[in-house]
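Structure record follows, encoded as structure tokens.
The values are calculated or read from the model by the stated rules, or taken from the named source; none is laboratory data. All values reported here derive from a predicted model rather than from experimental measurement. Please note: Cβ atoms are built from the backbone with ideal geometry, for glycine as well, and neighbour counts cover all protein chains shown.
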């Protein structure tokens, strides 16, 4: 069971991180802000990549259990695949940030602040939002805060 979960979890995590990083560079190359142009695309890719949970459960059921599986064993395989995918994603993202020094949070906060300005927000409300984004940027610099995200 672990070998199946490891294989599908690694595939899932690798797909998510590869597409997200490629999407960030593509969006920057096209002159679009990363945060606003690929946010929903990133979530869609995560959902598609996590469909490997179904594939792992199906393989485990067909190869190890003769085509029949109960809820809790299937749930266990799914949890294991999701956990492995999460670990692969976090490890790859942290490695990417350390190696590339990509200013993700700076770009993200700048895009979110600009979106608020474009929406017509101003005055105290905009100042409060900017303060919130600056706090988020400071928090994100701490790996212990960033890792569980």
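Here are the numbers for this structure:
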quantity: Matching residues in region 80-109 - criterion: being free of Cβ contacts under 8 Å to residues at least 12 places away in the same chain, assigned to a helix (DSSP H, G or I) and closer than 30 Å to residue 126 by Cα; calculated: 97
quantity: Condition met for residue 10 (outside the structural domain of residue 130 (by TED's automatic domain parsing), at pLDDT 90 or above, buried (at least 19 other Cβ atoms within 10 Å of the Cβ) and part of a helix (DSSP H, G or I)); calculated: no
quantity: Checklist (1) more than 21 Å from residue 22 (Cα to Cα); (2) modelled with pLDDT of 90 or more applied to residue 148, failing item; calculated: (2)
quantity: Members of region 111-145 found to be part of a helix (DSSP H, G or I) and touching a residue at least 24 places away in the same chain (Cβ under 8 Å), listed by number; calculated: 111, 112, 114, 115, 133, 134, 136, 137, 140, 143
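For every residue, the table says whether it meets (1) farther than 28 Å from residue 146 by Cβ; (2) under 27 Å from the mean Cα position of the chain (by Cα); (3) buried (at least 17 other Cβ atoms within 10 Å of the Cβ).
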| position | (1), (2), (3) |
| --- | --- |
| 51 | no, yes, no |
| 54 | yes, yes, no |
| 61 | yes, no, yes |
| 66 | yes, no, no |
| 69 | yes, no, yes |
| 76 | yes, yes, no |
| 79 | no, yes, no |
| 83 | no, yes, no |
| 89 | no, yes, yes |
